[in-house]
Amino acid sequence: MPLLITLVISVIVMLSRITTGPVPVIGISLPELFEGYISPWMTVVSAFALCLASVNLIMVHSGNISRKRQDWVYSLILLATLIIYGAFCTYVELNPNNETAAANYSLIYNYILSPLMTGQWACLAFYVASASYRAFRARNLEATVLLISAILVMLGAAPVGSLIWSRFPTIQQWLLDVPNMTGQRALLIGAAIGSFVACLRTMLGIERSHLGIGGSS
Amino acid sequence: MEKMQNVDTRIIYIVLLIVLSVPLLRPIGIPMQISPMTRAVYDIIEGLNPEKDVVLLSMDYSPGAGLDAEVCPVAVVEHLMQRGIKWIAISFGTTDGPMMTNRIIADLEQRGYKYGEDFANLGYMAGEENAVRLFALDCLSVPTDVRGNKTSELPVMQGIKTIKDFAFVIQFSMGTPEMWIRQVVDPMGVLFATGTVTVSVPSIVPYYNSGQVKGVMGGVSSAAQYELLCNKPGRGAAMMDAQSMGHLIIIFFIALGNIGYFMSKKGKETPPSK
Amino acid sequence: MQISTNIWQWIAVACIFGMWSLPLYKDNPFYRVCQNVFVGSCAGHAIGIAIGNIVHYGFQPAIYESQLHLIIPIALGLLLYARFFQKIAWLSRWPVAFLVGVGVGQTIYSSLRSQILNQVIAAMTKFPGESIGATLNGLVSIVGLLAVLTYFLFTVPQTKFVTGFAQAGRWLMMVTFGVGFGNVVSGRLSVLLGELLKIFGDWLGMI
């Protein structure tokens with residue numbers, strides 16, 4: 001049954017792009033079927049899917065707390081924060097006219113969630129710096145080519161590069177526009193062919209891993 | 001040499017912080033060049049008609065990308081307000097998009113602009129690519145905006161039925177604009193540009209080269225260039241000197257690390273003298 | 001220097017320093033608290049937005065606009081959570097099949113057009129070009145594209161020509177990845193700079 005659902009829905013969505021006339025048995029055209037039914041249904045089901053990870057998180061950390069596993073206090077902090085943000089955000093979404101609530105939610109979002117997220121991502125700069133020193137070695141000719149291109153791009157992208165040598169920005173732009181563009185285009189085409197084949201296999205039921213059946217037939 | 005190879009990483013982090021902080025506090029003022037991809041976005045907005053054109057901003061970035069993602073939409077919105085062009089924001093790629101838009105709107109409202117007349121925030125629509133297509137076919141499929149106003153009754157949404165009623169669409173994201181290109185740009189022929197983080201710029205160049213994307217703004221450097229074009233230097237321009245120093249220190253670290261590596265390798269290869 | 005008196009500014013900076021305490025110092029309870037608050041707040045925010053979407057796009061049109069067909073996606077969405085109950089976990093395959101079906105249908109048509117055909121058309125540059133530079137660039141583009149694609153062809157006989165051509169593709173990919181790495185460095189530094197700008201500007205008032 002799930003394989004049939006995948007096949008039927010994917011055929012409808014695919015054909016809704018290229019057909020216009022009404023389907024004989026249903027009496028409605030495929031574009032109308034997509035726009036009026038399938039697409040709004042997808043929005044609702046996707047919204048339910050958004051919460052899946054959070055629900056799983058709640059179950060895992062509730063288990064930690066109830067069994068008093070190691071560091072269960074942190075699980076308690078996580079769940080408490082989840083409940084506070086979840087409840088507050090839900091209230092704001094369902095009562096958009098309440099400007100005070102929206103303003104207060106913006107405060108806890110902009111001054112707690114946002115700096116935590118950005119602070120976490122900013123740590124990547126530290127790791128890039130230490131990796132540059134410890135790991136990026138020109139061990140062979142290919143690695144040397146990679147490093148030289150990276151250095152030329154860094155010198156060209158920053159304003160100081162044009163102070164050191166006026167040609168650096170031109171070299172950086174050329175590297176971006178010609179070799180990089182060529183390589184990226186090839187990777188893009190290759191990946192698109194791969195995803196096309198994977199989608200075809202999924203549509204025809206050859207690939208069933210998304211249903212947890214495991215592997216392909 | 002061995003000591004050099006095994007230096008505490010915290011020393012590297014502290015050196016990086018110092019090198020980045022000094023130019024922030026004492027700017028040098030190094031001149032910048034404008035890239036053609038950034039200029040393309042500027043020229044498109046300069047060519048719009050404030051009397052009738054409305055722009056759609058797809059805000060698909062989260063605070064995690066920091067100012068690298070945030071400065072581009074701020075610079076573009078500043079330009080739109082300068083020219084008196086109305087805009088609508090919506091999010092498809094991330095649940096944080098509406099909050100990012102609200103930050104920009106809060107600042108504009110403090111300066112006297114009117115929500116609903118000059119701009120609006122339609123919130124987040126789940127479904128990613130499917131949601132993009134649904135919105136493109138029927139812009140009123142979004143029932144209300146983030147403030148609970150009916151979308152069809154917003155003054156700024158008057159005359160907007162489908163994506164083709166927007167003069168220009170620009171997506172601000174942390175990745176590549178494939179979902180827009182696949183669902184809207186190629187099938188419907190909409191004028192489209194993208195703003196993204198610096199990391200994603202190389203992946204977007206093929207789309208720019210093929211003409212599917214008419215302009216690309218990539219991170220802080222593009223935003224700084226855009227601010228210069230608009231004659232309104234902001235956070236982007238303020239960071240460029242420090243960005244330059246950051247690049248130089250990373251190149252220095254790479255060079256130092258490799259020198260240490262080759263010297264220690266040479267030391268191991270040279271047989272000990274008898 | 002004018003240190004901010006806004007308590008929220010202090011909280012924000014404390015959050016940034018909390019996250020930075022791991023790389024700059026070591027694993028510590030303050031970092032662990034910040035990390036768990038971060039995960040909890042992101043998950044809570046996602047739940048709030050999701051419930052908003054479910055109500056605005058599902059329940060409200062179904063109840064107030066008599067769009068009763070929306071009961072189907074609401075039921076499918078609820079079935080997604082059947083995976084947490086062992087006896088009825090198999091029911092969660094139906095909404096997954098629906099989600100995958102829509103995604104597959106969208107991708108098959110659109111990726112073929114936008115990412116394969118349009119990119120191949122764009123790769124066909126005018127040869128010879130308007131200048132020597134344009135001609136050379138065009139040559140690099142088309143030969144490079146074919147070379148990189150050849151590198152990923154594993155089902156053709158690996159003759160000397162094919163192997164050599166694939167090696168050229170490999171070299172081009174090294175340049176591509178080098179450009180990518182340069183941009184990664186630039187991007188990561190920008191995020192750090194943004195935080196430093198907030199610390200020195202918004203909090204300490206030094207900028």
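What follows draws every value from the coordinates through simple rules; no lab data is involved. Here the structure is a predicted model, which means the values were calculated and not measured. Methodologically, a virtual Cβ is constructed for each residue, glycine included, from the backbone with ideal geometry; neighbour enumeration extends over all protein chains shown.
Remarks
- Taking every DSSP bridge with both residues inside the protein assembly as shown, close to 10 percent are antiparallel.
- Sparse packing (at most 14 other Cβ atoms within 10 Å of the Cβ) combined with a DSSP loop state is found for the following trypsin sites (Lys or Arg not before Pro) in the stretch B:117-175: B:K161.
- Structural size metrics of the stretch B:204-274, computed from C-alpha coordinates, are Rg and Dmax of 21.7, 71 Å.
- Among the chymotrypsin sites (Phe, Trp or Tyr not before Pro) in the stretch A:123-217, those placed in a DSSP loop whose Cβ has at most 16 other Cβ atoms within 10 Å are A:W165.
- Amide H partners (placed H, <5 Å) of B:G195, local residues excluded: B:Q171, B:F172, B:S173, B:M217
- Kirkwood Rh (inverse of mean 1/r, distinct Cα pairs), the stretch A:1-94, angstrom: 16.9 Å
- Within chain A, the longest run free of trypsin sites (Lys or Arg not before Pro) that sit in a DSSP loop with at most 15 other Cβ atoms within 10 Å is A:70-138.
- Reachable lysines, given that their alpha-carbon falls under 21 Å from the alpha-carbon of B:K265 and they are not under 8 places away in the same chain: B:K3, B:K274
- Mean separation of Cα pairs under 8 Å and 6 or more residues apart, divided by the residue count, gives chain A a relative contact order of 14 percent.
- Of all lysines in the structure, the ones whose alpha carbon falls short of 27 Å from that of A:K68, not counting any fewer than 8 places away in one chain, are C:K26.
- Computed per residue of chain C from DSSP H runs no shorter than four, each worth -39500 (n - 2.57), the mean residue ellipticity at 222 nm is -23000 deg cm²/dmol.
- Within chain B, percent of DSSP bridges classed antiparallel, to nearest 5: 5 percent
- Rounded to the nearest Hz, the phi-derived 3J(HN,Hα) couplings of the stretch B:117-122 under the Karplus curve 6.51 cos²θ - 1.76 cosθ + 1.60 (θ = phi - 60°) are 9, 8, 6, 7, 10, 8, where x marks glycine and proline.
- Percent of Cα pairs in chain A per distance bin of 10 Å, from zero to the largest separation: 6, 14, 19, 20, 28, 11, 1, 0.
- Computed per residue of chain A from DSSP H runs no shorter than four, each worth -39500 (n - 2.57), the mean residue ellipticity at 222 nm is -22500 deg cm²/dmol.
- Kyte-Doolittle mean at least 0.0 and Cα axial length at least 18 Å: DSSP H helices in chain C: C:7-24, C:29-54, C:93-110, C:132-151, C:160-197
- Restriction of the trypsin sites (Lys or Arg not before Pro) in the stretch C:97-190 to DSSP coil positions whose beta-carbon has at most 16 other beta-carbons within 10 angstrom yields C:K126.
- In order along the stretch A:122-134, phi translates into HN-Hα couplings of 5, 4, 4, 5, 4, 5, 5, 5, 6, 5, 4, 7, 9 Hz, rounded to whole numbers, per the Karplus curve 6.51 cos²θ - 1.76 cosθ + 1.60 with θ = phi - 60° and x for Gly and Pro.
- Taking each DSSP H run with n ≥ 4 as -39500 (n - 2.57) and averaging over every residue of chain B yields -15000 deg cm²/dmol at 222 nm.
- Proximity of backbone amide H atoms, modeled 1.01 Å from N, is registered between B:N121 and B:A89, B:V146 at under 5 Å, excluding neighbours fewer than 5 places apart on the same chain.
- Of the cross-linked pairs B:K86/B:K214; B:K114/B:K232; B:K161/B:K214; B:K268/C:K160, those separated by over 31 Å at the C-alpha level are B:K268/C:K160.
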